[in-house]
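Visitor: The structure is given below, and queries will be raised subsequently.
Please treat every number below as a calculation from the coordinates, not as lab data. All values derive from a computational prediction rather than experimental measurement. Backbone-built Cβ (ideal geometry, glycine too); neighbour counts: all protein chains shown.
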Amino acid sequence: MSINTLRKYLDDHQVEYVVMTHSKAYTAQRIAARAHVPGNEMAKSVMIKVDGELKITVLRAPDKVSLAKVNKLFKAGKVELAHESEFEEKFPDCEVGAMPPFGNLYDLDVLVDEKLSKDESIVFNACSHLELIRMSYKDYEKLAKPKVADIAVGG
């Protein structure tokens with residue numbers, strides 16, 4: 001999915017959003033700083049595997065996914081971070097590490113940390129390391145239909 005496909009998806013669902021550009025950056029914290037976005041509003045997608053099944057976790061830039069919390073949530077045998085080589089094919093039109101948090105568009109389950117769900121708006125990568133989208137969290141939740149749970153530590 002390219003940013004144009006993502007924008008069409010949002011437009012088709014009559015969602016208000018803003019596209020932001022910034023100089024190239026790769027970490028969520030650095031992107032937030034370059035785009036002048038508070039780290040707590042910057043949503044990052046972190047890929048995990050739960051008993052071998054890929055899932056997208058979405059958390060605030062300063063936070064880290066807690067594999068132990070995810071394990072407890074799913075009563076899983078094994079929860080681990082996914083390596084880029086295990087998911088890059090799922091996102092053919094995105095730069096690796098710049099996946100938007102819409103697992104529903106990629107046939108992936110989405111887990112959102114409850115702290116992020118309390119924000120009025122979120123900002124996230126829009127398929128590249130140069131572009132972001134800001135939209136209301138409520139609209140995001142309506143479209144992505146994530147499972148919201150306490151899955152992060154830090155921040």
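Visitor: Farthest toward the dipole's positive end in the chain, which of 152, 101, 4, given Cβ charges of +1 (Lys, Arg) and -1 (Asp, Glu) about the Cα centre?
Guide: The residue sitting most towards the positive pole is 152.
Visitor: Check cross-link reach from residue 78 to the aspartates and glutamates: straight Cα distance under 19 Å, and skip same-chain residues fewer than eight apart.
Guide: The qualifying aspartates and glutamates are 51, 53, 86, 109, 150.
Visitor: Can you tell me the 0 to 90 degree angle between the C-alpha axis of helix 3-12 and the longest principal axis of the chain, rounded to 10?
Guide: For 3-12 against the chain, the angle is about 90 degrees.
Visitor: Round to the nearest 0.05 the FRET efficiency obtained for residue 114 and residue 14 when R0 = 41 Å and r is the Cβ-Cβ distance.
Guide: Using R0 = 41 Å, I get an efficiency of 0.95.
Visitor: Relative contact order for region 3-154: what is it in percent, counting Cα pairs under 8 Å that are at least 6 residues apart?
Guide: Relative contact order of region 3-154: 29 percent.
Visitor: Also, quick follow-up: Pairs 8/69; 75/145; 8/64; 90/115; 75/142: which exceed 24 Å Cα-Cα?
Guide: 8/69; 8/64; 90/115; 75/142
Visitor: Further, regarding this structure: Along the Cα-to-Cβ line of residue 51, 7 Å from the Cα, sits a label point; which residues in region 86-124 have backbone N less than 16 Å from it?
Guide: Label zone hits: 109.
Visitor: Another question, then. With all distinct Cα pairs included, what does the Kirkwood hydrodynamic radius of region 3-154 come out to in Å, to one decimal, could you say?
Guide: So the Kirkwood estimate lands at 15.3 Å.
Visitor: Then there is this: Would you mind working out the magnitude of the charge dipole of the chain relative to its Cα centre, with +1 at each Lys and Arg C-beta and -1 at each Asp and Glu C-beta, to the nearest 20 Debye?
Guide: 440
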